[in-house]
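The values are calculated or read from the model by the stated rules, or taken from the named source; none is laboratory data. No experiment lies behind these values; they were computed from the predicted model shown. So basically every Cβ, Gly included, is an ideal-geometry build from the backbone, and we count neighbours across all protein chains shown.
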Amino acid sequence: MAEPARGALADRGATPGRDAPPAPGTPPGPGTPTARTGRWHRLRRDRTLLLMVAPAVGLLLLFTYVPLLWTTVAYLDYDPFTQGLWSSPWVGLDNFTLLFEDSRFWDAFANTLSITFIQLVLFFPVPIALALLLNSVLSDKVRGLVQSILYLPHFFSWVLVITIFQQMLGGAGLLAQQLRAHGHEGFDLMTDPGVFKFLITAQLVWKDAGWGVIVFLAALSAVNQDLYEAAAVDGANRRRRMWHVTLPALRPVVALLLVLRVGDSLTVGFEQILLQRDAVGPGASEVFDTYVWWVGIANTDYGIAAAGGLIKGAFSLVLVLIANKVAHMLGEQGVYRK
Amino acid sequence: MPNSQASASTSPPSRRTFLASTAVAAAAVAGGVPLLTGCSTEEGSGKGGTTSGKELKNLLPAYAASKVADPDIPSVNGSSPGYTKAPPAAELVASVKGKPGHGGSYTMFEPLWGTPPPKNNAYYKAVDDALGATVKFQPQDGNTYGEKLGAVLASGDIADIVMIPLWEMGGRIHGAVSAKFADLGPYLSGDKVKKYPNLAAIPTAAWQMSVFGGKLRGLPMPSRPLGSVIPYYREDIFTKEGYHVPKSPAEFLALAKEITRPKSKVWACDDMWWSAQRFFGCPGEKPYYWIEKNGKLVHKVETENYLEALEWCRKLFAGGHVHPDAVAGKANDALTRFTSGQTLLYNDGEAKWYGATFEQAGVNPDFKIQGMDWFGPDGGAPVIYLDPPAQIWSFLNKNLAKVQIEEILALANFIAAPFGTKEQRLIDYGVEGVHHEMKKGVPVKNATGVRDVQDTYRFIASPQASVAYPDFPRMVEDYCGWMRRMGKFARKPLFYGMQIQEPNRYASLYTPFEDLAKDVTRGRKSIKDAQRAIGDWRSGGGDRLRDWYAGLLDENGSGA
């Protein structure tokens, strides 16, 4: 979505060409029209695109920007039941102080970062690898079948996924019972805080890796087949073709998704973790989102929860800026460019 | 709930002197917390408090017993009366003349533990017709009710009638009750309640628990004593395998070892943390978690009993006697593990005694659930603290007009009719031939009845607690027998029967202990960690909370 909007509104205006035929009557010369007429002209030229983007912008304003006003809750001793937003007492930074003094917050902070890192390393590459594998399958029938099987778990709810894992890998699960039936010791992967972070990553891979393939497959399908032929003619083997043709073609998409993923990275599976919190305890499993949920929704300390949410937002912003910078340094577009 | 308890707890408080010492006052000032100045909670304030003495007496409805049917098992040691026989439909008494409603229509927001019945089902139609008014239910998943409740109360878009249980009144919800719901005092206090005879027959102790923010706001569901946690065991399997019911925590551990056979997919028990607290005589939950020792208030987590219970439960888990799914915290399936024979012991609320019996009657005729007698730490007499006399209320929206409130109270009067009345039969069993059949002289719900006749109207109001399941007379005898035996050991906690709102700033002080208990019993944290957490609790506000309660005790006297 960012791509056409940015292209239409900013860059292309100065270089009318194949994308935007000049409107009749007012040919935009390569000279310099005044800024005002230029802007008016561009608005008129792009009116269809602007109209198309309007609903999305409207929703964004309504559901993202308007609620931002309520972040003031973070500076209030907010009691929606008896006082409401306007009469709850102002407490300045007290909520932040309480937040930083809470050891559970720092546990959540550390867990969030480590889960983010583990998932970035262990989850992010999986759909790319799957896409490459699928792309090399020649039979459309086989490919379709494998794709469907891979997509399917995406549509399961987390409750179901975790129940399946519990039934397979839990202490009374299928594997443990099979081992016992054959005279071995059973095991219980689901209640081991040490492996929890890898367990939830495994769940994520099982559930969503197939779904993540879609974007990469789309990118792969856009690769010009002539390039492969040319490379083959030049004597490049399979590996060389992948290295010099396929991967460079995927690079912009990978960079874009990586930046988006980093920005979203502190959101590490609220429902998934909440459902398994008791199995391993908050020490291993509490993350930003579950912490905010406990403090805000369960304990009704809305002010502190809002403060926690703000901290998370600020942190995410910094991460996005860094990741985007890195993308630029690698010569990619990233999410935006100034 | 016997009324002897009610009258005892509403007696004028004896003014305590031991806490009025200058030491406490000095500590309170040093902590920057002024001692409680009034004995009543201010409406909608976050300061908290309780209501007692004369002020309370003026609010409470007058008690007028209603005798319809004599119980087959009378109350002993405070036990709830039991009914093992059902009067035939022709002998049922009508406690309400005509239709109580005038055609009003009301929404009700309430939890439901089960599959919601279809809308506009025959049961709703029959009851609404008898009521002369319509109740539109908005049933919510009972297990996650608290999460919805906060958001709904904050939104201001509140149903006409809202059920809120005590265990969902954490954080600021308690204060929200005072801010959002109607004062029923003008309709029910003193002799005014006589207009609603079935409400007047609700024990005073339950009404006393219904005073929120200095006003009578709740319609209580009187609870059975000692019902919040019962250690159940599979009597059928115990008999078959020759297991002996344990009589001490040590015997329990030995038996657990004997029972557990993971290879056959059998583990001794589920998570027994709630039972462990009873074995070792721990006080109850907020705000009844204080005991008095040498003139000083001691919190549950500060007692040796608490640490002993933790240690015992840790051993139970460490021995591998607890079902792995219970170790993984899948508490919702505890009953299934028990009924399927994967666990032979488990603890749960009293509702499951009937619930499991009813559910298994058709599927597994041999199934027999039984309550294990409580025992003390060394196998001697246990110390059991009584549960609150009411833990569930319905509240009426404060925006309702006077005539609407009066109509709802008339409906509540109908619904609160006791055992032996036509109204009770309709509410609990639906219509004969549609929802239940008379088999061997007792009503038995059929498939439609099981689907539609659930606790929906029941949460609007209830009569004095009884055990009335004539379809399972053995179960009634078992449960009443257990209550009668255990009643001997029951004692009232310090703030028994008092509806207490803690100040907002202490609202989340106790919350970490729920996680802590899970961590320690499952071996993820040590007893040392627990002791550290208790130290943190003291310095983080626990000591100030103690002073606050001391002030409360000083002002209002004890409920014990």
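Here is how the numbers come out for the structure above:
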| item | result |
| --- | --- |
| Which numbered condition B:MET169 fails, given (1) surrounded by fewer than 24 Cβ atoms within 10 Å (Cβ to Cβ); (2) more than 22 Å from B:ASP141 (Cα to Cα); (3) at pLDDT below 95 | (2) |
| Candidate set: the range B:105-116, residues that are surrounded by 19 or more Cβ atoms within 10 Å (Cβ to Cβ) and over 19 Å from B:ALA351 (Cα atoms); chosen: the one nearest to the chain's Cα centre (by Cα) | B:PHE109 |
| Top-ranked residue of the range B:128-156 - restricted to ones that are more than 26 Å from the chain's Cα centre (by Cα) and modelled with pLDDT of 90 or more, ranked as surrounded by the most Cβ atoms within 10 Å (Cβ to Cβ) | B:LEU131 |
| Test result for A:LEU113, modelled with pLDDT of 85 or more, exposed (fewer than 12 other Cβ atoms within 10 Å of the Cβ) and either out of contact with any strand residue (DSSP E or B) (no Cβ under 9 Å at 6 or more places or on another chain) or outside the structural domain of A:PRO282 (by TED's automatic domain parsing) (or both) | no |
| Selection within the range A:170-188 - surrounded by 20 or more Cβ atoms within 10 Å (Cβ to Cβ) and more than 9 Å from chain B (Cβ to nearest Cβ) | none |
| Single residue of B:VAL476, B:VAL444, B:VAL450 found to be at pLDDT 95 or above, more than 14 Å from chain A (Cβ to nearest Cβ) and under 20 Å from B:TRP353 (Cα atoms) | B:VAL476 |
| Of all residues in the range B:451-466 being of a type in the set (A, V, I, L, M, F, W, C) and touching an Asp or Glu at 6+ places or on another chain (Cβ under 9 Å), the one that is surrounded by the most Cβ atoms within 10 Å (Cβ to Cβ) | B:VAL453 |
| Any pair with Cβ under 6 angstrom, 6 or more apart, that starts in the range B:502-519 at a residue that is without any contact (Cβ under 8 Å) to a residue 60 or more places away in the chain and facing chain A (nearest Cβ under 9 Å) and ends at one that is crowded, with 18+ Cβ neighbours inside 10 Å and outside any helix (DSSP H, G or I) | B:ASP519/A:GLY281; B:ASP519/B:LYS525 |
| Qualifying residues in the range B:198-223 (those that are part of a helix (DSSP H, G or I) and touching a helix residue (DSSP H, G or I) at 6+ places or on another chain (Cβ under 7 Å)) - the one nearest to the other protein chains (Cβ to nearest Cβ) | B:GLN208 |
| Residues located in the range B:66-77, provided they are among the small types (Gly, Ala, Ser) and modelled with pLDDT of 90 or more | B:SER75 |
| Residue list for the range B:293-333, filter: within 11 Å of another protein chain (Cβ to nearest Cβ), in contact with a strand residue (DSSP E or B) (Cβ under 7 Å, 6 or more places away or on another chain) and among the aliphatic types (A, V, I, L, M) | B:VAL322 |
| Qualifying residue in the range B:488-501 (condition: within 14 Å of another protein chain (Cβ to nearest Cβ), modelled with pLDDT under 95, at negative phi and in a helix (DSSP H, G or I)) | no |
| Helices (runs of 4 or more DSSP H) fully within the range B:92-191 counting 3 or more residues that are within 14 Å of chain A (Cβ to nearest Cβ) | B:145-155, B:173-180 |
| Residue in the range B:431-444 that is in a helix (DSSP H, G or I) and assigned by TED's automatic domain parsing to the domain that holds B:ALA94 present | no |
| Qualifying helices (runs of 4 or more DSSP H) (wholly inside the range A:199-288; at least 3 residues being within 30 Å of B:LYS518 (Cα to Cα) and in contact with a helix residue (DSSP H, G or I) (Cβ under 8 Å, 6 or more places away or on another chain)) | A:270-280, A:282-285 |
| Residue within the range B:334-355 that is touching a His at 6+ places or on another chain (Cβ under 6 Å), within 14 Å of another protein chain (Cβ to nearest Cβ) and not in a loop (DSSP other than H, G, I, E, B) present | yes |
